[in-house]
Amino acid sequence: MKRRALLPLGGAALVLAGCGFALRQAPTFAFATIYIATTSPVGRELGRSIGNGDSVKVIQSGAADAAQVVLDVLAEQREKVVVGLNASGQVREFQLRSRFKFKLRTPQGKELIPETELLQQRDISFNESAVLAKEAEESLLYRDMQTDIVQQLMRRLAAVKTL
């Protein structure tokens, strides 16, 4: 009886192993050092994320020539746009947007990733009676968008295979 119960579990394990399923691992990069040309919140979080691994060193000082690749941050922008009004013309809903424009190059000028813009957006309702709570929610949503942008950026940097 117990063997029959274990048979489907063993079959499921074989199917998962055979289909190529694997847990997400830390990305591997084609470079050993990177210089991030910004002090913005996204740049700092990216530096922490990349620096957490053992394979890549983030160069902090202004010596971009010492790095194998340079991440140029061209623009980082937060926007708040009204998308909904009630019958009396009061704001009921906002859309929060976070834009991050960058390019990746070697110190010699060879472009590895051309100018690229990452965009995240979230909708948030608004209520005049809970302004402080909505401000806290807004800051949490911006933080969440920033984390999503950093994760997208990490995947794009890991996709670079040749210098």
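Considering region 112-134 alone, what residues qualify as being part of a helix (DSSP H, G or I) and surrounded by fewer than 13 Cβ atoms within 10 Å (Cβ to Cβ)?
The initial filter retains those residues of region 112-134 that are part of a helix (DSSP H, G or I), namely 128-134.
Within region 112-134, Glu128, Ser129, Ala130, Val131, Leu132, Ala133 qualify.
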Considering region 33-84, residues that are polar (S, T, N, Q) and in a strand (DSSP E or B), and then whichever is farthest from the chain's Cα centre (by Cα), we arrive at Thr33
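Would you confirm whether any residue within region 92-101 is closer than 23 Å to Asp65 by Cβ and touching a Leu at 6+ places or on another chain (Cβ under 7 Å)?
The answer is no, given that none of the residues of region 92-101 is closer than 23 Å to Asp65 by Cβ and touching a Leu at 6+ places or on another chain (Cβ under 7 Å).
Residues Ile34, Ile59: which one is of a type in the set (A, V, I, L, M, F, W, C) and farther than 19 Å from Thr116 by Cα?
On the way: Ile34 fails: farther than 19 Å from Thr116 by Cα.
Step by step, each of Ile34, Ile59 is checked, and only Ile59 is of a type in the set (A, V, I, L, M, F, W, C) and farther than 19 Å from Thr116 by Cα.
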Item to complete: Report whether or not Glu137 is of a type outside the set (A, V, I, L, M), surrounded by 13 or more Cβ atoms within 10 Å (Cβ to Cβ), part of a helix (DSSP H, G or I) and without any contact (Cβ under 8 Å) to a residue 40 or more places away in the chain.
Response: yes
With the first residue restricted to region 43-55 and required to be in contact (Cβ under 8 Å) with a residue 60 or more places away in the chain, and the second required to be of a type in the set (Gly, Ala, Ser) and not in a helix (DSSP H, G or I), Cβ contacts under 7 Å at 6 or more apart or on different chains are none
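For residues that are acidic (Asp, Glu) and touching a residue at least 12 places away in the same chain (Cβ under 8 Å), scanning just region 79-111, find the one that is farthest from Leu157 (Cα to Cα).
Going through region 79-111, the residues acidic (Asp, Glu) turn out to be 79, 93, 111.
Right, trim to touching a residue at least 12 places away in the same chain (Cβ under 8 Å) and you get 79, 93.
On the way: Glu79: 26, Glu93: 35 Å.
Restricting to residues being acidic (Asp, Glu) and touching a residue at least 12 places away in the same chain (Cβ under 8 Å), the top hit is Glu93.
Would you check which residues across region 124-149 are of a type in the set (A, V, I, L, M) and out of contact with any Phe, Trp or Tyr (no Cβ under 9 Å at 6 or more places or on another chain) and list them? Write out each step before concluding.
Filtering region 124-149 down to residues of a type in the set (A, V, I, L, M) leaves 124, 130-133, 136, 140-141, 145, 149.
Across region 124-149, the qualifying residues are Ala130, Val131, Leu132, Ala133, Ala136, Leu140, Leu141, Met145.
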Filter region 152-163 for residues that are in contact (Cβ under 8 Å) with a residue 40 or more places away in the chain and part of a helix (DSSP H, G or I); the one that is surrounded by the fewest Cβ atoms within 10 Å (Cβ to Cβ) is Arg155
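Pick from Arg48, Arg4: which is surrounded by 10 or more Cβ atoms within 10 Å (Cβ to Cβ) and either over 20 Å from Ala159 (Cβ atoms) or at pLDDT below 80 (or both)?
Working: Arg4 fails: surrounded by 10 or more Cβ atoms within 10 Å (Cβ to Cβ).
None of the other options fit; the residue is Arg48.
Name the one entry in Ala30, Ala87 that is within 29 Å of Val131 (Cα to Cα), at pLDDT 85 or above, not in a strand (DSSP E or B) and not acidic (Asp, Glu). Give the derivation first.
Numbers: Ala30 fails: within 29 Å of Val131 (Cα to Cα).
Of the residues listed, the single one that is within 29 Å of Val131 (Cα to Cα), at pLDDT 85 or above, not in a strand (DSSP E or B) and not acidic (Asp, Glu) is Ala87.
Sort through Phe94, Phe100 and tell me the only one that's part of a strand (DSSP E or B), in contact with a Lys or Arg (Cβ under 8 Å, 6 or more places away or on another chain) and surrounded by 13 or more Cβ atoms within 10 Å (Cβ to Cβ).
Every option except Phe94 fails the conditions.
The values are calculated or read from the model by the stated rules, or taken from the named source; none is laboratory data. Values in this document were obtained by computation on a predicted structure and should not be read as measured data. No Cβ is skipped: glycine too gets one built from the backbone with ideal geometry, and neighbour counts run over all protein chains shown.
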